[in-house]
Amino acid sequence: MLFSYNWLKEYLEGAPPARELAERLTMTGTEIESVVETGGGFTNVVTAQVVECERHPNADKLSLCKVRTDREELSIVCGARNMKPGDKVALALPGAELPGGFKIKKSKIRGVESQGMMCSEVELGLKDTSEGIMILPEDAPLGVDFRTLLGADFMMEAGITPNRADLLSIRGMAREAAAVTGAAFKDKEFRVEEAGRPVGECAAVSIEKDAPCRRYAARVVDGVTIGPSPDDVKARLEAHGVRSINNVVDVTNLVLLETGQPLHAFDLDRLDGASVNVRPAREGETIITIDGKERKLDPSMLVIADKNGPAALAGVMGGSPSEVTDSTKRVLIESAWFEPSSVRRTSRKLSLSTESSYRFERGVDIEGVAKALDMAASLILKLAGGKAAKGPIDIYPGKAAPPEIAFSTERASRVLGIGVKTEQVLDILGRLGISARESSPGVVSALPPTYRMDLTTEIDLMEEVARIFGYNNIPTTLPIATVAPGETGKPTAFKRRIRSLLSGAGFTEVMNYSFVSKELFAMAGEGAGVELLNPLTEEQTVMRADLIPSLLENMARNLAHKREDLRIFELAPAFVPGEGVPVEKWKVAGLLYGLRYEPGWSFPKDAVDFFDTKGVVERLLEGLGAEGARFEAAVHPLLHPGKTAALKAGGKPAGILGELHPDLLDRYGLRKPAYVFELDVEPIEKASGKGKKYRELPRFPESARDIAFIVSEGVPFGDIMEAIRKTDLKTIETVELFDVYYGRNIPSGTRSLAVRVTYRSRERTLTNQEVEETHGRVVKTLFERFKAEVRVS
Amino acid sequence: MSRRVEDLEREALQELSRASSERESLREARNRYLGRKGEVAELLKGLGSLPPEERKKAGEAVNNLKDRLEEAFDGALSAFDESEKRERLEKERVDITLPGRSIRPGKLHPVTRITDEIEDIFTGLGFDIAEGPEVELDYYNFEALNFPKDHPARDMQDTFFISDEVVLRTHTSPVQIRVMEKGRPPLRVIAPGTVYRRDSDLTHSPMFHQIEGFMVDRDISFANLKAVLTLFLERLFGGTAVRFRPSFFPFVEPGAEVDIRCVICGGNGCRVCKGSGWLEILGAGMIHPNVFRKVGYDPGEYSGFAFGLGVERVAMLKFGIGDLRLLFENDMRFLEQF
């Protein structure tokens, strides 16, 4: 909320300077986000009068003037010529600071001392251009701080939290300022001169039973003359961001800003039957609001209706037909209290938020309704003339006595961690306008004022005590707690491990928004997704179910600025529709593009391929301790059908990896294939459950045999390797592939593979004969099962 | 005999100096004098023919000669080795200013780095780490945290909806409720995670990260809150000044906003701190009795504090990042700096 310091001061005696007040408010919970000085970015400039002007003895272009303030006469050297004796001027005294940090001090100019400077409008930052010094009106008093004459003020922007509706007004802010600074709050009184007929003869008000309106007050002013408001009223409204409309509407807005009570002025002659009824809208009713829009209403919305139908949306906005216009003669001023939740529902349903609805939603002081009405009526009489009808209408069915709150100093001491004393509590609550007394030793009985709707329980009062006591006056005391080391939850630790392994493998972590465009969502062949009801943009409408499309976008972005080699990964949840709440599955995805090694002088310039990608995944699984992982040929909409592998961990599908589908190369303008993987964290974590166990070092020697053989290309190496292993699980320790050859010297459709089989027993040294015997069986298996033609063994 | 010794020594040393330019001749010369059938060995053999009274003295002289010659020849030979080695090593010289070769590790996202750092500080203080879902029920995100339906406090957090009752969590605070429902005090927990708000401009991202923390036990006070958070902020920012201001969050009371001395200007006032010299860094407060009631704790028996902070903001301050959007653009030129 924006408010003027000068306006605030109308309610305060002994207010501290603006910036000090701002600091004090901030430190007691009313955050002042900015303080802007208006009309006077200077100090130490006073009004003065030119007594005489002569030519400077040593300079033709300068004058030497005698200028007097209320207390002294000063001699001033001046370059301007437009002043004459008797003129009033703005005089910067030594020590003055002008806009731009320009400081004034006594100085000798061509041998003559100048004791200050007569200012131009440019020098004071009031205008962009000016000729000569500024000549003030003849009636300007002497020796006055020039800022006061200019109406200098400070505009403060306060961040008001939703609990403090009472601060949404000048008067409320002044009350708070008084409580937190010790200044005195002086309220204004308004008396309405009631020169007209009794109000009952002019208008009638009724509230339908159970309507969410606890109070409705109104006054009638007859014979008003609608016209523009005086300049000072206009200026004040505009400074607070409110457009001036006409004198009557301006008064309602001024009162709203000053007291926080939203008001509405009806043209009484345009209310059918000169009466209003507060009631829920009927099904099918509509209203044209003063912004010119027709709005469809329903019974959850409260309206102010005349005989004809809705005339205003209660607490939100008035209706166009009954609004005050230039021809209005009689006005009905409404000051009411509507249920916050009712106003909020209406405002939200119609997407119509106003200064009025904002305040009603948060809560208006029900006891301030009549006072605001009187203030408005008296101001209307002043600005628009007319006669006020006798007496207000004031229907107040919802009057209720607020309950007393018991406050225990012992409980407060425990919660706050300080020794809270009864006298202290009584003092603080008293300053806040809360009537409080000690009802029994250590217990204070407190009755908050009606404008503090946020104070309903003991904890609310504890907060009041703490904030006035000062949070920074509360000591810091480390808690006494059972000694126990903190535990990084298992999922968190596992994710950390993934990140560290992948970054170690050269992958840089990216973070993308969880919501993507529908197009990006559909790329991976997903069906229905988790959609936002109220997305911000089309690019952010569906919660992603796959991470790869986002990585492809990241690649495109980096390619655009010539970053040709990439290894990136992302660890994030994917979202899948579920029963009620969507299901979140954490995934880790990576992308490889460009060179295998970083470009430079000493690495081969090979491009990454499928096996780099698979290698990354294998090392990741190994690093995570995942057991029983298997890769199977697979298909995936994003991937090359011949270069796709599906991962299974613990028998469960756990992700895919492969080369990006050639169709996508064009889309991303790729010159080389890109490779991606996307793994499901949960099955991998489940497969990684076992901790590491030491296996005894071998005590007996190994014996290695190499085999080279030619076999059909269609036979997967994985099957061959498994078959070799299974030949003798006891003595075959490892099977390593060390060569793959296609091409000349071997028949087409075949390839040559070379593996080294290492034999070792954990119980004894194997004899040559034993090794030969097992190896013979390996060779036989290759021949019999895979039709392999063994070349060397 | 002694004459023979002297002669032999002179002769050998002369030969040594002649041969010293070539390793082979040096080795041959050494063999000639010191070999198994060399001159010195001959001399030693000849000792047997001397009378016993001379034998001892002569033996000593010959052995001394042998030692001296060995030293001379071996010294010359090893000098030869040394210089050859020097030459060879000189040839092996590399340009050490060429860049080193390595497989460069990737970088972790600055948000991850800060999250890890904060987690480590709190686990050191005995806090556990918990996680919760990003798509949340209205109940956990608002209702149980004392944000009633139709309450303006909900406007504080612009919300993305999946359905009437399902939202993208607007803060990590729902994890408080989930943890308290499952466990019993004493509790010391932090919950890092991704959160979402329907707000996007220069200083707001619709997705960002928070770390929630809370401590619940008997007799946990506001003074405890101040101590733990001050300690944390001092660790995180390296001994900064901290101040506490009253503020409002529905799920805590008394509520506080915690500021640190501006890390950019040191408190003199600058653009980042909007001239105030202070930076808002944490929201905190004593857990509201209504929240305890929702999870079935007796607010008369237990008390606790809770806090939350935005990870991006900390990352921006600590790394001096001026533009929030950089954190989600995934530009390698940016990411590789961390």
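The values are calculated or read from the model by the stated rules, or taken from the named source; none is laboratory data. The structure presented is a predicted model; accordingly, all values stated were derived computationally and were not measured. Every residue, glycine as well, gets a Cβ built from its backbone with ideal geometry; the counts of neighbours run over all protein chains shown. For the accessible areas, the whole protein counts, side chains as well, though only heavy atoms, and no ligand, DNA or RNA atoms are used. Shrake-Rupley method; radii C 1.70, N 1.55, O 1.52, S 1.80 Å.
All of (1) over 24 Å from residue A:188 (Cβ atoms); (2) more than 33 Å from the chain's Cα centre (by Cα) hold for residue A:291 with one exception: (2). Summed over the range B:214-247, residues that are out of contact with any Lys or Arg (no Cβ under 8 Å at 6 or more places or on another chain), of a type in the set (A, V, I, L, M) and part of a loop (DSSP other than H, G, I, E, B) total 1. Residues in the range A:74-88 that are exposed (fewer than 13 other Cβ atoms within 10 Å of the Cβ) and of a type in the set (D, E, K, R): A:84 alone.
The set of residues in the range A:262-290 being open to solvent by less than 20 Å² (accessible area, probe 1.4 Å), closer than 22 Å to residue A:350 by Cα and either part of a strand (DSSP E or B) or among the polar types (S, T, N, Q) (or both) consists of A:265, A:266, A:278, A:279, A:287, A:289. Looking across the range B:105-139, the residues that are more than 7 Å from every other protein chain (Cβ to nearest Cβ) and among the hydroxyl-bearing types (Ser, Thr, Tyr) come down to B:115, B:139.
Count of the range A:684-719 residues, restricted to those that are open to solvent by less than 40 Å² (accessible area, probe 1.4 Å) and assigned to a loop (DSSP other than H, G, I, E, B), is 2.
Residue selection: residue A:229 satisfies the criterion of being part of a loop (DSSP other than H, G, I, E, B) and either surrounded by fewer than 18 Cβ atoms within 10 Å (Cβ to Cβ) or in contact (Cβ under 8 Å) with a residue 24 or more places away in the chain (or both).
Here residue A:537 passes the criteria (1) surrounded by fewer than 18 Cβ atoms within 10 Å (Cβ to Cβ); (2) under 16 Å from residue A:678 (Cα atoms); (3) among the polar types (S, T, N, Q) except the one numbered (2). Against the list (1) surrounded by 23 or more Cβ atoms within 10 Å (Cβ to Cβ); (2) under 27 Å from the mean Cα position of the chain (by Cα); (3) at the interface with chain A (Cβ under 7 Å from one of its Cβ atoms), the condition residue B:192 fails is (3). Residues in the range B:199-209 that are more than 11 Å from every other protein chain (Cβ to nearest Cβ) and either small (Gly, Ala, Ser) or in contact with a Lys or Arg (Cβ under 9 Å, 6 or more places away or on another chain) (or both): B:202 only. Restricting the range A:570-582 to residues that are facing chain B (nearest Cβ under 10 Å) and surrounded by 15 or more Cβ atoms within 10 Å (Cβ to Cβ), which is modelled with the lowest pLDDT? Checked the range A:570-582; the qualifying residue modelled with the lowest pLDDT is A:581. Among residues of the range B:43-55 that are farther than 13 Å from residue B:4 by Cα, those with a Cβ under 6 angstrom from a residue that is of a type in the set (A, V, I, L, M, F, W, C) and in a helix (DSSP H, G or I), sequence gap 6+ or separate chain, pair up as B:50/B:58; B:55/B:47.
Contact map, the range A:554-576: first residue polar (S, T, N, Q), second residue open to solvent by 50 Å² or more (accessible area, probe 1.4 Å), Cβ cut-off under 9 Å, separation 6 or more or different chains; pairs are A:554/B:329; A:558/A:564; A:558/B:333. I'd like the residue in the range A:720-752 that is of a type in the set (D, E, K, R) and not in a helix (DSSP H, G or I) and, out of all such residues, is surrounded by the most Cβ atoms within 10 Å (Cβ to Cβ). Result: A:751. A single member of A:603, A:611 is touching a Phe, Trp or Tyr at 6+ places or on another chain (Cβ under 6 Å) and hydrophobic (A, V, I, L, M, F, W, C), and it is A:603. When the residues of the range A:482-502 are narrowed to those that are open to solvent by less than 40 Å² (accessible area, probe 1.4 Å) and part of a loop (DSSP other than H, G, I, E, B), which ends up farthest from residue A:617 (Cα to Cα)? Top of the filtered list is A:486. Here the range A:447-469 is the region considered, the condition is being assigned to a loop (DSSP other than H, G, I, E, B) and facing another protein chain (nearest Cβ under 9 Å), and the residue that is nearest to residue A:436 (Cα to Cα) is A:457. Can you find even one residue in the range B:72-94 that is assigned to a loop (DSSP other than H, G, I, E, B), within 14 Å of chain A (Cβ to nearest Cβ) and either closer than 30 Å to residue B:309 by Cα or open to solvent by 50 Å² or more (accessible area, probe 1.4 Å) (or both)? Taking every residue of the range B:72-94 in turn, at least one turns out to be assigned to a loop (DSSP other than H, G, I, E, B), within 14 Å of chain A (Cβ to nearest Cβ) and either closer than 30 Å to residue B:309 by Cα or open to solvent by 50 Å² or more (accessible area, probe 1.4 Å) (or both). Apart from one condition, residue A:625 fits all of (1) under 23 Å from residue A:506 (Cα atoms); (2) modelled with pLDDT of 95 or more; the exception is (2).
Of all residues in the range A:14-33, those satisfying the criterion of being in contact with a strand residue (DSSP E or B) (Cβ under 7 Å, 6 or more places away or on another chain) and either in a helix (DSSP H, G or I) or open to solvent by 30 Å² or more (accessible area, probe 1.4 Å) (or both) are A:14, A:18, A:19, A:22, A:25, A:26, A:27, A:31, A:33. May I ask you to verify whether residue A:346 is open to solvent by 10 Å² or more (accessible area, probe 1.4 Å), among the hydroxyl-bearing types (Ser, Thr, Tyr) and not in a strand (DSSP E or B)? In short, no.
Looking only at residues of the range B:166-188 that are more than 17 Å from residue B:288 (Cα to Cα) and either part of a strand (DSSP E or B) or within 8 Å of another protein chain (Cβ to nearest Cβ) (or both), we find that the one that is farthest from the chain's Cα centre (by Cα) is B:166.
Residues checked against (1) hydroxyl-bearing (Ser, Thr, Tyr); (2) within 30 Å of residue A:466 (Cα to Cα); (3) modelled with pLDDT of 95 or more:
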| position | (1), (2), (3) |
| --- | --- |
| A:163 | no, yes, no |
| A:175 | no, yes, yes |
| A:209 | no, no, no |
| A:212 | no, no, yes |
| A:219 | no, no, yes |
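If I filter the range B:140-148 for residues that are within 41 Å of the chain's Cα centre (by Cα) and facing chain A (nearest Cβ under 8 Å), do I get at least one hit? There is no residue in the range B:140-148 that is within 41 Å of the chain's Cα centre (by Cα) and facing chain A (nearest Cβ under 8 Å). The residue that is nearest to the other protein chains (Cβ to nearest Cβ), among those in the range A:503-528 that are acidic (Asp, Glu) and not in a helix (DSSP H, G or I), is A:509. Counting only strands (runs of 3 or more DSSP E) that sit completely within the range A:84-183, those holding 3 or more residues that are free of Cβ contacts under 8 Å to residues at least 60 places away in the same chain correspond to A:88-98, A:107-109, A:112-114.
Strands (runs of 3 or more DSSP E) fully within the range A:593-683 that include at least 3 residues being open to solvent by 50 Å² or more (accessible area, probe 1.4 Å): A:629-633, A:639-649. For the range B:225-242: of the residues being small (Gly, Ala, Ser) and within 11 Å of chain A (Cβ to nearest Cβ), which is farthest from residue B:122 (Cα to Cα)? In this case the residue turns out to be B:241.
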